[in-house]
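Here the structure comes first, spelled out in structure tokens, and everything after it is commentary.
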Amino acid sequence: MPDLVHNLDAVQQRIALAAHVAGRDPRSVTLLAVAKTFPAEDVRAAHAAGQRAFGENYLQEALTKIDALADLRTSLEWHFIGPLQSNKTRPVAEHFDWVHSVDRLKIAQRLAEQRPASMPPLNVCLQVNISGEASKSGVTAAEASEVAHAIAAMPQLRLRGLMAIPEPAGSIETQREPHRKLRELFEQLNADGLALDTLSMGMSDDLEAAVLEGATIVRVGTAIFGARDYSN
Ligand SMILES: *Cc1c(COP(=O)(O)O)cnc(C)c1O
């Protein structure tokens, strides 16, 4: 666990340095700790070290952790960031604070219908396939405006912004390109009348590039919790 505390601190310092270079307030960037494959105890330790926002990709694993950490529920946020099948939307609507991976209208419609009226609106981001890869989910940049306006009108959802998972790239300059495209799309949608405040982009290997291009949430797993082991 000392590693975890040290790693969290090191990631916060990376964010602060990149924000400084960009002339931004480091507090304008939220660190989302991506805990997929790591146990509830690690989330509890990160929470004890002051971390508040946690990201999960796999629904069943996430629900188990949310249940195990029910005592902390009012002092942490759960963000769903993984691929979402339309027959799995209900538990997401009922247990999460945010969904970053809304990649089609049907998913948004189901989340809007299934979000309990007793809960605050679900915060959502529209996932954009910004590198235009055939294998990636997300709407194309060309589709984004129409889909975003439709989601913004749905009850029980609050459209906060855009999310992307750009292809890994080596140099910081190459890494910045897709992040810049996402930021430009975000600015265009706001000029078109939306009121988006969230750019969810940047992971362990490219968070500096993302912060330089305006990320407001960086989603970091490996640099906090360590390498993931999918073998067990
Ligand atoms: C796993 C994952 C992350 C974190 O990736 P790291 O490289 O471990 O920091 C961020 N976003 C999404 C959508 C992920 O699936």
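Key figures
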| item | result |
| --- | --- |
| Hits in segment 175-230 - residues which are at pLDDT below 95 and either among the acidic types (Asp, Glu) or away from the ligand (no atom under 14 Å from the Cβ) (or both) | Asp229 |
| Neighbours by Cβ (under 8 Å, 6+ apart or cross-chain): first from segment 114-138, in contact (Cβ under 8 Å) with a residue 24 or more places away in the chain; second aromatic (Phe, Trp, Tyr) and surrounded by 12 or more Cβ atoms within 10 Å (Cβ to Cβ) | Leu122/Phe96; Leu122/Trp98; Asn123/Trp98; Val124/Trp98; Cys125/Trp98 |
| Cβ-Cβ under 6 Å pairs, at least 6 apart or on other chains, segment 211-232 side closer than 22 Å to Arg183 by Cα and part of a loop (DSSP other than H, G, I, E, B), far side of a type outside the set (A, V, I, L, M) and more than 8 Å from the ligand (Cβ to nearest atom) | Glu213/Arg176; Glu213/His179; Glu213/Arg180; Glu213/Arg183; Gly214/Arg183; Ala215/Gly202; Thr216/Thr198 |
| Residue within segment 169-186 that is in contact with a His (Cβ under 6 Å, 6 or more places away or on another chain), farther than 21 Å from His6 by Cα and buried (at least 23 other Cβ atoms within 10 Å of the Cβ) present | no |
| Spans of helices (runs of 4 or more DSSP H) in segment 38-127 with at least 3 residues touching a strand residue (DSSP E or B) at 6+ places or on another chain (Cβ under 8 Å) and within 16 Å of the ligand (Cβ to nearest atom) | 59-68 |
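Here's the yes/no breakdown for (1) farther than 24 Å from Met201 by Cα; (2) crowded, with 19+ Cβ neighbours inside 10 Å:
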residue	(1), (2)
Ser28	no, no
Gly50	no, no
Leu72	yes, no
Ile81	no, yes
Leu111	no, yes
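The values are calculated or read from the model by the stated rules, or taken from the named source; none is laboratory data. Values in this document were obtained by computation on a predicted structure and should not be read as measured data. Cβ: placed from backbone, ideal geometry, glycine included. Neighbour counts: every protein chain shown.
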